[in-house]
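Report on the following structure.
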Amino acid sequence: MALKIGIVGLPNAGKSTIFNALTKAAAEVANYPFCTIEPNVGVVPGPDHRVKKVFEIYRPPKATPATVEFVDIAGLVKGSSKGEGLGNQFLSRIREVDALLHIVRCFEDPNVAHVSGEVDPQRDIEVVNTELCIKDLETLENRVKKLEKNAKAGDKAARAALGICEKASALLQDSTPIRKRSWSREDRAILEEIQFLTDKPVLYGANVHEMDLPSGGPLADRVREIAKADGAKVAVICGKVEAEVMELSDDEAKAYLQEFGLKESSLDHLIRLSYELLGLVTFLTVNQNEVRAWTVKKGTKAPQAAGVVHTDFERGFIRAEVMCFSDLEKYGSQQAVKEKGLYRVEGKEYDVSDGDIIYFRFNV
Ligand SMILES: Nc1nc2c(ncn2[C@@H]2O[C@H](COP(=O)(O)OP(=O)(O)OP(=O)(O)O)[C@@H](O)[C@H]2O)c(=O)[nH]1
Ligand SMILES: [Mg+2]
């Protein structure tokens with residue numbers, strides 16, 4: 001299961017620059033609005049030093065990290081949802097993502113035009129959120145039409161769904177995202193089918209001036225305030241620095257990042273925040289062929305985690321043999337971890353934890 005993230009934001013906010021740095025793909029970057037006219041999709045390995053370390057210890061022929069998929073779309077402007085600019089037609093392409101990465105321009109640069117003249121994170125965020133709400137309203141109206149037809153034909157479930165759609169519509173008309181309200185489990189089931197854009201968790205990416213690294217400065221603080229009210233997280237990032245970093249070797253990159261007070265690439269940080277936002281954990285499997293990372297929702301039980309690896313593993317699940325990555329790293333081998341009494345046998349009720357290295361025992 002690859003985590004899928006859709007990038008949204010105003011034109012010239014730095015979406016493609018960040019997408020490029022993230023995916024090292026060659027999405028076109030240019031100093032003019034709407035340079036992205038085709039959605040760019042990039043799949044990147046998640047930054048997981050654990051896969052690398054386990055690979056060094058076990059030396060199987062292959063190492064496969066978990067993957068993250070990014071979708072870069074054209075910038076949204078006021079009126080996008082009504083066909084202004086180019087963003088509207090691409091919104092539907094991000095309907096299937098797990099989360100939105102909302103890039104907010106927080107850098108001043110006289111050479112990079114701003115569609116509204118000046119840098120103002122709050123106004124920019126409102127413009128984008130309003131466009132997303134309008135787009136959702138449009139989707140909702142189509143759904144309502146269908147439901148009304150079915151309700152007229154006597155479909156009781158359709159009638160109930162219409163009531164929920166009415167509530168959703170009132171929210172969206174007020175430019176309030178669907179995710180802001182707490183919904184009952186039954187309501188959720190109906191809403192999830194509609195795949196609202198404003199129901200997706202949001203991670204704000206404050207694209208700051210390099211001089212404002214690492215904290216992000218006052219403009220990033222504004223984004224943090226807004227995000228707090230929105231229950232969202234914020235990653236401070238500098239598209240320009242990240243674009244430069246991707247040209248460097250690992251050691252050079254590290255030294256360069258240090259000049260800006262950064263311990264790691266902001267992109268690694270961003271992916272980690274996305275995992276947290278979505279409540280995902282990574283576990284590892286290792287055998288003579290491959291060390292591999294897998295992503296599951298926090299709270300996934302051992303048999304279901306086994307099922308992610310192979311359906312047979314879930315069906316015939318007997319037990320999971322587990323050690324923590326940190327123990328393997330500390331003691332250097334599975335044997336040493338066993339000798340310390342830290343190699344555990346877990347059953348069907350075991351909740352998989354982030355960093356577990358698991359060997360599944362199963363019946364065929
Ligand atoms: N100074 C500075 N310039 C940046 C930064 N990030 C991006 N830019 C520049 O801003 C311009 C627009 O960047 P893009 O990444 O193409 O912006 P976009 O959000 O994808 O724009 P659209 O595709 O038009 O919606 C380019 O000239 C980038 O080099 C940054 O952190 N600092
Ligand atoms: Mg772009």
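Net charge dipole, the chain: roughly 1540 debye, given to the nearest 20, about the Cα centre with Cβ charges of +1 for Lys and Arg and -1 for Asp and Glu.
Electrostatic bookkeeping for residue 323 treats Lys and Arg as +1 and Asp and Glu as -1; over the other residues with beta carbon under 15 Å from its beta carbon, the sum is +1.
Number of Lys-Lys pairs in the stretch 133-197 with C-alpha atoms under 18 Å apart and a separation of 8 or more places or on different chains: 10.
One way to sum up the overall shape of the stretch 255-342 is the equivalent ellipsoid from its Cα gyration tensor, whose semi-axes run 29, 20, 11 Å, largest first.
Cross-link pairs exceeding 27 Å between alpha carbons, from the set 52/263; 254/298; 228/301; 78/200: 254/298; 228/301.
In the calculated pair-distance distribution of the chain, the portion above 34 angstrom amounts to 37 percent of the Cα-Cα pairs. Ordering of 184-191, 217-224 by packing is 217-224, 184-191, highest average first (other Cβ atoms within 10 Å, averaged per residue). Straight Cα distances below 20 angstrom link residue 62 to the aspartates and glutamates 48, 290, 329, 356, with same-chain residues fewer than 8 positions distant left out. For the stretch 190-197, backbone phi angles converted through the Karplus equation (6.51, -1.76, 1.60; θ = phi - 60°) give residue-by-residue couplings of 6, 5, 5, 4, 6, 6, 5, 5 Hz, Gly and Pro being listed as x. Between 158, 172, 197, the Cα set farthest toward the positive side of the dipole of the stretch 133-197 (charges on each charged residue's Cβ, about the Cα centre) is that of 158. Toward the positive end of the charge dipole of the stretch 299-362, with +1 on the Cβ of Lys and Arg and -1 on the Cβ of Asp and Glu, the farthest Cα among 341, 309, 325 is that of 341. Histogrammed with a bin width of 10 Å, the alpha carbon distances of the stretch 299-362 distribute as 24, 49, 25, 1 percent, first bin at zero.
Values in this text are rule-based calculations from the coordinates and carry no lab data. All of these numbers come straight from a predicted model, not from anything done at the bench. Note that we place each Cβ from the backbone using ideal geometry, even for glycine, and neighbour counts take in every protein chain shown.
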